[in-house]
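To start, the structure under review is shown below, and the notes come after it.
Taken together, the values in this text are just the output of simple stated rules run on the coordinates, not laboratory data. Not measured: the values here are computed from a predicted model. We place every Cβ from the backbone using ideal geometry, glycine too, and count neighbours over all the protein chains shown.
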Amino acid sequence: YASAMGRSDEKLELARRVWRAMFDYLVASAPRRTRALARRGLTPNDSRALFSLDAQQGRSMRSLADEWQCDPSNATWIVDRLETLGLAERRLVTNDRRVKLVALTPKGARARTSLMNEFYQPPPGLVALGGEELHVLERALSKLAAVEPEGVHHPRVQPRTAKHRRWA
């Protein structure tokens with residue numbers, strides 16, 4: 001039992017070190033994403049909203065506020081900003097005129113796709129890894145994606161250059 005417990009503690013510590021390294025790498029690469037947003041006149045909140053919306057199926061303000069874990073007035077402010085930029089629109093629900101659903105405009109869908117194409121370009125440090133290291137990392141991250149944490153919304157956008165499915 002003590003031996004199994006030791007292995008369990010070691011595994012947990014290894015998982016902590018791996019998570020810390022992943023998190024630190026993501027944080028260190030954030031300026032690239034911030035510059036991509038700035039070139040488009042967008043904020044991180046704008047991009048979060050773009051990735052939560054779809055051009056065909058609208059979302060209620062309540063569902064957006066719940067996903068973003070914010071007050072509905074904050075969700076309204078974010079959606080107002082996307083509307084002003086021509087990236088989103090509110091649509092009336094035919095059987096209930098009190099409800100409006102938020103959806104991407106064609107311009108918003110193009111902006112989201114363009115942004116994801118840029119976000120999916122690997123940073124130089126990742127490209128510098130060896131092929132086998134990249135395969136191991138891909139396999140491990142694919143397993144993680146299959147058991148995503150509750151409440152996580154992965155974008156359903158495919159970059160034009162993708163040759164196979166990602167995060168869908």
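Between amide H atoms placed 1.01 Å from N, distances below 5 Å from ALA88 occur with GLU83, THR105, all of them 5 or more places distant or on a separate chain.
Count the net charge of all other residues whose Cβ sits under 12 Å from the Cβ of PHE23, scoring Lys and Arg as +1 and Asp and Glu as -1. Intermediate values should be presented prior to the final figure.
Details: positive: ARG16, ARG17, ARG20; negative: ASP24.
Net of charged neighbours comes to +2.
Across region 1-125, how large is the tail of the calculated P(r) beyond 20 Å, expressed as a percent of all Cα pairs? Counting every Cα pair in region 1-125, those more than 20 Å apart make up 56 percent. For region 51-95, rounded, prolate or oblate, judged on the Cα gyration tensor with a ≥ b ≥ c (square roots of eigenvalues), a/c < 1.5 rounded, else prolate if a/b > b/c? In terms of gyration-tensor shape, oblate. Relative contact order for region 20-148: 23 percent, from Cα pairs under 8 Å spaced at least 6 residues apart, divided by residue count.
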